[in-house]
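Input: a single structure, listed below in structure tokens.
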Amino acid sequence: MEPVAFPLSETAYAKINLALHVRRRRDDGYHELETLFAFVDAGDALTARPAGGDSLTITGEFSPLLAGEESNLVLDALALISRAGGWAVKLDKALPVAAGLGGGSADVGAVFRMARRAGVLPDDWHGLAAGLGADVPACVESVAMVGRGTGTELEAAPDDLKGCPVLLVNPRVPLPTGPVFKAWDRVDRGSMPQGSARDIAILGRNDLEAPAIAICPPVADVLAALGQTEAWLSRMSGSGATCFALFDDVAGRDAAAAAIAAHHPQWWQMAGLLR
């Protein structure tokens, strides 16, 4: 095996849920889900260099929101990966926190991919990833996938939306996952549709949208703003508060981004393409 070429760099791609159907609350307290994961070609940036021990330095716009945490998922992930030496990891936090984009899980996914490139990713990585978060296994692969169970049971998804222009918008209001799931009305509204990724996105739904709006009304404002653009679909991602819009072309996406920035300059947004 060839020596690892440091530094190792990876993007923690923003995760969105094109559809998210909550079927039931399980006896273990988790929720049975059916979801279509998709990933944007932008997100946090991670760089790892060899060091005597593992360390993490966080920079970027949203780094202050993580400053008070006693632990970080990146360090938790590193602790599960056996290596000859430590890694000094720098995380540039470009994604908002508690935003329905799988930010922490995406960071772990990037760490696991760096470990894969370095030849040190454990064979049982899927189980280790699932232990760190329900959407971490999907974030390791960071391509369109169907998730079932708690989101860890993955299967390949049609990639007919690969390259689709996407706009992410967040009202800069953190929205933790726990309260949103707790506010869900426990009504099973049916299974996720089958077909192409576009079909699933159009015919599917996000069952957490209503409880999220009840807790965080600005989500409705973002959806209303996206609904006035040329997007062929706009929906909240995950447990919110980030919403996404899908477009037929980059020009439509960029026009929407400019219009929203003009009317709501305080909102965060990120433009990209689906991977």
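The values are calculated or read from the model by the stated rules, or taken from the named source; none is laboratory data. All figures in this text were calculated on a predicted structure; none of them were measured in a lab. A quick note on method: Cβ atoms are made from the backbone with ideal geometry, for glycine too, and the neighbour counts reach across all protein chains shown. Areas reflect the complete protein model, heavy atoms only, side chains present, ligands, DNA and RNA absent. Shrake-Rupley method; radii C 1.70, N 1.55, O 1.52, S 1.80 Å.
A few notes on this one:
- Segment 33-101, accessible surface, carbon-and-sulfur percent (1.4 angstrom probe): 52 percent
- The chain - accessible surface per residue (Å², probe 1.4 Å): 43 Å²
- Length gained when the stretch Ala255-His126 is fully extended (0.36 nm per residue, less Cα-Cα span): 42.5 nm
- The chain shape via C-alpha gyration tensor axes, a/c threshold 1.5: prolate
- A cut-off of 5 Å between modelled amide H atoms, ignoring neighbours fewer than 5 places along the same chain, links Arg205 with Leu20.
- Nonlocal amide H pairs with Ala94, under 5 Å, H built at 1.01 Å: Asp44, Ala45
- Taking only protein heavy atoms and a 1.4 Å probe, the accessible area of segment 200-275 is 57% carbon and sulfur.
- Distance between modelled label sites at Asp41 and Ala156, nm, 7 Å Cα→Cβ extension: 2.1 nm
- Under a 5 Å amide H cut-off, with hydrogens placed 1.01 Å from N, Ala157 pairs with Val146 among residues at least 5 apart or on other chains.
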